[in-house]
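Below: the structure, in structure tokens.
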Amino acid sequence: MNVKRFAVAKYIIKRLVGLVVLLFLVSSCVFIMLHYAPGDPALLLLGAETTPAKVQELRSNLGLNDPLYLQYWKFIKNLVLRGDLGRSYQSGRPVTQEILSTLPISAQLALNGMIISSLVAIIVGVLSAVRQNSLLDNVTKIVVLAGVSMPVFWLGLVFIAIFSVWLRFFPSAGWGGVRYMILPSITIAAFPLATLTRLTRSTMLEVIRKPYIRTARSKGLSEGAVIIRHALRNALIPVVTMMGVQFAILVTGSILTETVFAIPGLGRLIVIAVYARDYAIIRGAILVCAVVFGIVNLLVDLSYHLFDPRLKFGES
């Protein structure tokens, strides 16, 4: 047991070190790209009718006139020593507060969408694989193709037109109670639902043809026990990997859904920051996205061993 715990700790430390290196590379790339991006944050904040002197004064106050290496050094030093991501150019609030006030909303939206897509995808994918080439299987193929092909913003607008404007069942914008969550949660679940359903079906088709499945059936086990206890457990390993990736994407990339439904989440914060050239918010948000991706991928790798304890750490 101690050897296993040591292996787990070693593996986690190794991955966290890799995450630190990744954050350094991401921050470097972001600083370089934002430095050469068109648009002047100071000019956008002051307006087109301002004077060049005021623009230069504001740029100096924001530290934008400093050399790029000096800006980067100050950012890294404040981040490492104080956990400070800087202040928003627009609101003047700490970037950490801005992100922490929006990230839980994006996480809740992503979690809702992931729960919907995962449950439906596993059930439909398993039934489609077990009943291959049946009516259910053919309908599933069509729905999956439609789900992958439909843009999220278009689907959201269709839902708003039908369920908000025409039927008046749900609000068309905002974030609050359950009624506000239903349409955006279903909208954001559409793409991962299609992807996970297709993956579940393909992995189940591969697993149910394995010799150990025939052996389980020959022992007299019921078909439900064979599918759930033997086939599904092994088929879920790649599905869990995709779930982790999709959840990270939903948390950090829900820009279109949050924009369509006017949800005050991280995605909408990034959109507003891009329009305003609020480099402090953009840098902080991208770093948080990288951290979310790294942590989710680590948790996914650790979860492999719940499905197959024979795996050694570092082999998943």
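What follows draws every value from the coordinates through simple rules; no lab data is involved. Small disclaimer: the values here were computed from a predicted structure and weren't measured. Note that we place each Cβ from the backbone using ideal geometry, even for glycine, and neighbour counts take in every protein chain shown.
Which cross-chain or sequence-distant (5 or more) residues have an amide H under 5 Å from the amide H of Ile263, H modelled 1.01 Å from N in plane?
Here the answer is Gly174, since their amide H atoms fall under 5 Å of that of Ile263.
Once the dipole of the chain is set up with Lys and Arg at +1 and Asp and Glu at -1 on Cβ about the Cα centre, which of Trp175, Asn112, Met204 lies farthest towards its positive end?
In the chain, that residue is Met204.
Putting +1 on Lys and Arg Cβ atoms and -1 on Asp and Glu Cβ atoms, find which of Phe261, Val239, His35 reaches farthest to the positive end of the dipole of the chain.
Val239
Can you give the charge dipole size of the chain about its Cα centre, rounded to the nearest 20 debye, using +1 on the beta carbon of Lys and Arg and -1 on the beta carbon of Asp and Glu?
1280
Give me the dipole magnitude in Debye, nearest 20, for region 40-176 about the Cα centre, with unit charges on the beta carbon: positive for Lys and Arg, negative for Asp and Glu.
That gives region 40-176 a dipole magnitude of about 220 debye.
Just to verify a number: FRET efficiency for Gln132 and Val178, C-beta to C-beta distance, R0 = 41 Å, to 0.05?
Once rounded, the FRET efficiency stands at 0.65.
Please turn the phi angles of region 177-186 into ³J(HN,Hα) values with the Karplus equation 6.51 cos²θ - 1.76 cosθ + 1.60 (θ = phi - 60°), one per residue in order, whole Hz, x for glycine and proline.
The phi angles translate into x, 4, 4, 6, 8, 5, 5, x, 5, 5 Hz.
Can you work out ³J(HN,Hα) from phi for every residue in region 243-248, in order, using Karplus 6.51 cos²θ - 1.76 cosθ + 1.60 and θ = phi - 60°, giving whole Hz and x for Gly and Pro?
Computed from phi, the couplings for region 243-248 are 4, x, 4, 5, 5, 4 Hz.
Give me the Debye-computed log₁₀ of I(q)/I(0) at q = 0.10, 0.11 Å⁻¹ for the chain, equal point scatterers on Cα only, no solvent, two decimals.
-0.74, -0.86
If I take every Cα pair under 8 Å that is 6 or more residues apart in region 121-268, average their sequence separation and divide by the length, what percent do I get for the relative contact order?
Here the relative contact order equals 30 percent.
Starting from the 7 Å offset along Cα-to-Cβ, what nm value, one decimal, do you get for the label separation of Leu22 and Glu49?
Spacing of the two 7 Å Cα→Cβ label points: 4.8 nm.
Quote to one decimal, in nm, the extra length available between Arg209 and Ala37 on full extension: 0.36 nm per residue of separation minus the C-alpha distance between them.
56.6 nm
Counting each DSSP H run of 4 or more residues in the chain as -39500 (n - 2.57), what helix-only mean residue ellipticity at 222 nm follows after dividing by all residues, to the nearest 500 deg cm²/dmol?
Using -39500 (n - 2.57) per qualifying helix, the result is -24500 deg cm²/dmol.
How high is the relative contact order of region 31-184, in percent, with contacts defined as C-alpha pairs under 8 Å that are six or more residues apart?
10 percent.
When the Karplus curve 6.51 cos²θ - 1.76 cosθ + 1.60 is applied with θ = phi - 60°, which whole-Hz ³J(HN,Hα) does each residue of region 100-117 get, with x for Gly and Pro?
Karplus values, whole Hz, x for Gly and Pro: 5, 7, 10, 4, x, 5, 5, 5, 5, 4, 5, 5, 4, x, 5, 5, 4, 5.
Taking H as built 1.01 Å from N, whose amide H comes closer than 5 Å to the amide H of Arg87, not counting residues under 5 places away?
Val95
Using a Förster distance of 22 angstrom, determine the FRET efficiency expected from the C-beta separation of Val165 and Ile272, and round it to 0.05.
Calculated value: 0.30.
Run the reach check for Lys10 against lysines, Cα to Cα strictly under 18 Å, same-chain hits fewer than 8 apart removed. What comes back?
Lys312
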